[in-house]
Amino acid sequence: MKRTALSHIHEKLGAKMVPFVGFYMPLEYTGINDEHICVRTKLGVFDVSHMGEIWVKGPNALKLIQKVTSNDASVLFDGKVQYSCYPNGKGGIVDDLLVYKFNDETYLLVVNASNIEKDWNWMQSQNDVGAILYNASDEISQLAVQGPLALKAMQKLTSTKVEDMEYYTFKKLDFAGVKDVIFSTTGYTGAGGCEIYFANEDAEKICSAVFEAGKEFGIQPIGLAARDTLRLEMGFCLYGNDINDTTSPIEAGLGWITKFTDNKNFIDKALLLNHKTNGVSRKLVGFEMVDKGIPRHDYEIVDSNGEKIGVVTSGTMSPMMKIGIGMGYVKPEFSKLNSEIFISVRNKNLKAKVVKLPIYKAQ
């Protein structure tokens, strides 16, 4: 079981530690609801050092990225981040990822912890253009500081202006006395904030500075459990649940990151264009429970006659809304907004309705 450079700090803070995709990670500290609400209303810190980082460099870096990812990376400018996915050659998804452009010959791909080896092998197998690949996953730590007060607090740790940074951009800067930190206005919570990348040896120093800077704003450490409820309220896909090797990005509502422009020829382009043009047999939707109950992964979705029409991929009790919410694949005719669906919970079919994402709408 791998440990991040900050595992001992989580233990000191009283985290409930659990095995997670090969890492020893904090599940929760003071409780899911408390941590979740802290991020939505103030700010919280997640250790996401288990995520993977793969550098793509050289004159043909963009050429490889354009081939293996669904989004159009040619529109990126230096300092811009893009959400994308790797089509797998069979209409499914190898992984979803972030693409960071540093310059025309330097890109950083941030991938899911569970897929680091799989993604690395995929990139290598597809690299027929001589791009330079380097897997830096074991050398980089990452903190996600999320919440409406996150950037205000983090501004105290750098002389570079970060409070006014646009969503999905990044800067390389001096942070907490450490040079060349990557500071990115990205995140998986929908609450605003940043993700900060740095060398493992600087982890303790930066973590300590982050907590000190956020103290006056009510900063708290946040575990994986609240990370999941936060992303689900936003309708963000979780690899392994909502998307996987058998789900098409078109089915998953990721058509917006699947670009069919003339200048971009990517793996599965023709197949996915067919999905877009001729339709798919299922669609990923967000839903709210109408009846009292909590949907869970793999629960059946049925129609008013009890006929199976789909399956729940993610579900929870929303800490902000105080009702059951979820995501799942349904037949296309049940994917329209306000469609009535039923979730099979312990042999009872409980009413729910399809809603527009994000599921939780901040007031």
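Rule-based calculations on the coordinates, nothing more; no lab input. Owing to the predicted nature of the structure, the values given are computational and were not obtained by experimental measurement. All Cβ positions, glycine included, derive from the backbone under ideal geometry; neighbour counts span all protein chains shown.
Simple rule: put +1 on each Lys or Arg Cβ and -1 on each Asp or Glu Cβ in the chain, find the dipole, and look at M165, T316, Y29; the Cα lying farthest toward the positive end is T316. Dividing the radius of gyration of the alpha carbons in region 52-135 by their Kirkwood radius gives 0.91 for Rg/Rh. When +1 charges are put on Lys and Arg Cβ atoms and -1 charges on Asp and Glu Cβ atoms, the dipole computed for region 234-355 relative to its Cα centre reaches about 220 debye.
Remark: relative contact order (the chain) = 17 percent; criterion is Cα-Cα distance under 8 angstrom and separation of 6 or more residues. Cα centroid separation, region 183-211 to region 297-339: 34 Å.
Relative contact order, whole percent, for region 44-120 stands at 35, derived from Cα pairs under 8 Å and 6 or more residues apart.
Relative contact order for region 237-330: 27 percent, from Cα pairs under 8 Å spaced at least 6 residues apart, divided by residue count. When only the Cβ of Lys, Arg, Asp and Glu is charged (+1, +1, -1, -1), the dipole of region 37-106 relative to its Cα centre reaches about 140 debye.
Inverting the pair-averaged 1/r between distinct Cα atoms of region 129-171 gives 13.2 Å as its Kirkwood hydrodynamic radius.
Send over the Kirkwood Rh of the chain, from the inverse of the averaged 1/r over different Cα pairs, rounded to one decimal Å. Show your work: numbers first, answer last.
Values: mean 1/r = 0.0471 Å⁻¹.
Result for the chain, one decimal place: 21.2 Å.
Expressed as a whole percent, the proportion of Cα-Cα pairs in region 234-355 lying more than 21 Å apart is 39%.
Sorting the segments 3-9, 189-195, 52-58 by their mean number of nearby beta carbons within 10 angstrom, highest to lowest, gives 189-195, 52-58, 3-9. Summing Cβ point charges (Lys, Arg +1; Asp, Glu -1) relative to the Cα centre of the chain gives a dipole of roughly 860 debye.
Using only alpha carbon positions, build the gyration tensor of region 109-210, then give the equivalent ellipsoid semi-axes as the square roots of 5 times its eigenvalues, largest first, whole angstrom. Display every interim value, and only then the final one.
On the way: eigenvalues 152, 47, 33 Å².
Semi-axes from the Cα gyration tensor: 28, 15, 13 Å.
Working value for region 283-363: equivalent-ellipsoid semi-axes of 18, 14, 10 Å, each the square root of 5 times a Cα gyration tensor eigenvalue, largest first.
Peptides 164-175, 199-210 ranked from most to least packed give 199-210, 164-175, packing being the mean of other C-beta atoms within 10 angstrom over each peptide's residues. Using θ = phi - 60° in the Karplus curve 6.51 cos²θ - 1.76 cosθ + 1.60, the 3J(HN,Hα) couplings for region 238-244 round to 10, 5, x, 10, 8, 9, 6 Hz; x is entered for Gly and Pro.
Where does the charge balance sit around E201 when Lys and Arg score +1, Asp and Glu -1, over other residues with C-beta under 14 Å from its C-beta?
Around E201, the charge tally is -3.
The Cβ shell under 12 Å around V56 holds other residues with a net charge of 0, Lys and Arg each +1, Asp and Glu each -1.
Taking one quarter of the surface of the C-alpha convex hull of region 205-277 gives a mean projected area of 8.3 nm². Rg then Dmax, both in Å and based on the Cα atoms of region 1-121: 17.3, 49. With contributions of -39500 (n - 2.57) from each DSSP H run of at least four residues, the per-residue ellipticity at 222 nm computed over the chain stands at -5500 deg cm²/dmol.
May I ask for the net charge around G235, where only other residues with Cβ less than 12 Å from the Cβ of G235 are counted and Lys, Arg are +1 while Asp, Glu are -1? Present the calculation step by step, with values, prior to reporting the outcome.
Numbers: positive: R231, K356, K361; negative: E233, D242, E288.
Spelling it out: positives minus negatives among the neighbours equals 0.
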